[in-house]
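Notes to accompany the following structure.
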Amino acid sequence: SSVKYKDHQKFMLQNDNSTNLSASEDLESKRKSSDDNDPKKTTSNGKSPNQPASKEGAPKNIQCRRNNKAPDKMTEEEVMQAFRDLVSKDDPLKKYDIKQKVGSGASGTVCVATDRQTNHAVAIKKMDLSNQPKKELIITEIEVMKQHQHENIVNFLDCYLVEGPGSRELWVAMEYLEGGALTDVVMETILKENQIAGITKRCTDALAYLHSQEIIHRDIKSDNVLLGMNGEVKLTDFGFCAQITQDRDKRNTMVGTPYWMAPEVVSRKQYGYKVDVWSLGIMVIEMIEGEPPYLNETPIRALYLIASNGKPQIKDKSKLSPDIVNFLDKCLEVEVEKRATCKELMSHPFLGLPVDMTSLRQNILA
Ligand code: ATP
């Protein structure tokens, strides 16, 4: 009888104690350190000025890479200039032969295309800039992808500004993963424990890398894991990433997708890298049970349940191996200090299970 909140909408909750959950609002996390005008180098030291002040006081001074202006003070033209600095000047239509649409998200549609020279397939995400409330999020996403190449992160290839009469689109070319999102696999098929271990190991490796680069992903869930037909597993969707800096090693913006959020995020505490470890644990539950805990509940009630219940119950625990149960315990530890880091998890026995990753092809095709 209950509705499932399958669209897994992500949120930023304004820091004003109201229940203003605003979908796809910006976090504006990783806008920029003052003295660095190089758009390729991004660090952040603050939060969005359009976020209401937190309990600790006024929003920290955040500055933009271009001209040290806060993002909401940038004019439309300055934002567009930031995009122009980021994009390739080539004509994407000369480089790529655009084929069919393979998906769509909050910020636009994704098409498959072939590189005319190499004949390789690529994915092109087309975002209508005239219809984007928070363009800074997109800049964050592109910068993270551009600067952080890893075997288990969707590789960025290039991006383009495509301007026509009355239209302005940003096209981002990236590796194409023809298996699509992990969500479809967990919803449609039952994964074996060693397959879950193989997927989790690759995601943990990508997260350990991001954390070593002082980045928190903040939106880990099956929707943001893409699969290839030869066993590839790659993290995507970097729009919500936060850059940690020495003078600001904790965050407090409530960001993410409710069902996957760590208790310290939900309870509006300061948080750090380990929010990704909690979400990784929730994603392991998705792989075991097909969905995250509380998906039948409204997002607001799910937040309440996360805060009040702490570690969620695992159904049919007796069917699981001690290693996977222990791995979940290490991820879903409410006390942040006791929760494992990704680096520690990499040597967990559960992730050592042998697996033929190409076996996932069957699950993708099912
Ligand atoms: P947004 O980031 O705008 O909130 P989203 O995270 O929901 O959106 P998109 O990144 O726009 O989703 O992707 C939408 C869908 O397109 C994905 O669910 C996936 O099926 C497909 N897709 C995205 N990127 C790729 C890729 N690199 N290769 C193959 N398919 C992809």
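Return the only residue of I300, I288 being touching a strand residue (DSSP E or B) at 6+ places or on another chain (Cβ under 8 Å), aliphatic (A, V, I, L, M) and open to solvent by 10 Å² or more (accessible area, probe 1.4 Å). Spell out how you get there, then give the answer.
Details: I288 fails: touching a strand residue (DSSP E or B) at 6+ places or on another chain (Cβ under 8 Å).
Matching residue, one of I300, I288: I300.
Scan region 308-321 and tell me whether some residue there is outside any loop (DSSP other than H, G, I, E, B) and touching a His at 6+ places or on another chain (Cβ under 6 Å). Break it down stepwise before answering.
Narrowing region 308-321 to residues outside any loop (DSSP other than H, G, I, E, B): 308-309, 317-319.
Now drop any that are not touching a His at 6+ places or on another chain (Cβ under 6 Å), which leaves none.
Within region 308-321, none of the residues are outside any loop (DSSP other than H, G, I, E, B) and touching a His at 6+ places or on another chain (Cβ under 6 Å).
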I want to confirm something. Restricting to region 166-213 and keeping residues that are within 30 Å of Q81 (Cα to Cα) and among the hydroxyl-bearing types (S, T, Y), which single residue is modelled with the highest pLDDT?
Y176
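Which residue, of E344, E333, is touching a helix residue (DSSP H, G or I) at 6+ places or on another chain (Cβ under 9 Å) and either at pLDDT below 95 or open to solvent by less than 90 Å² (accessible area, probe 1.4 Å) (or both)? Before the answer, list the steps.
On the way: E344 fails: either at pLDDT below 95 or open to solvent by less than 90 Å² (accessible area, probe 1.4 Å) (or both).
Residue meeting the stated conditions: E333.
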Exactly one of K274, K250, K269 is surrounded by 22 or more Cβ atoms within 10 Å (Cβ to Cβ) and charged (D, E, K, R), and that residue is K274
Please list, ordered by residue number, the strands (runs of 3 or more DSSP E) wholly in region 151-249 having 2 or more residues that are among the β-branched types (V, I, T).
none
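The values are calculated or read from the model by the stated rules, or taken from the named source; none is laboratory data. The model shown is predicted, which means the values in this text are computed figures rather than measured ones. We place every Cβ from the backbone using ideal geometry, glycine too, and count neighbours over all the protein chains shown. The accessibility values were calculated without ligands, DNA or RNA, using every heavy atom of the protein model including side chains. Shrake-Rupley method; radii C 1.70, N 1.55, O 1.52, S 1.80 Å.
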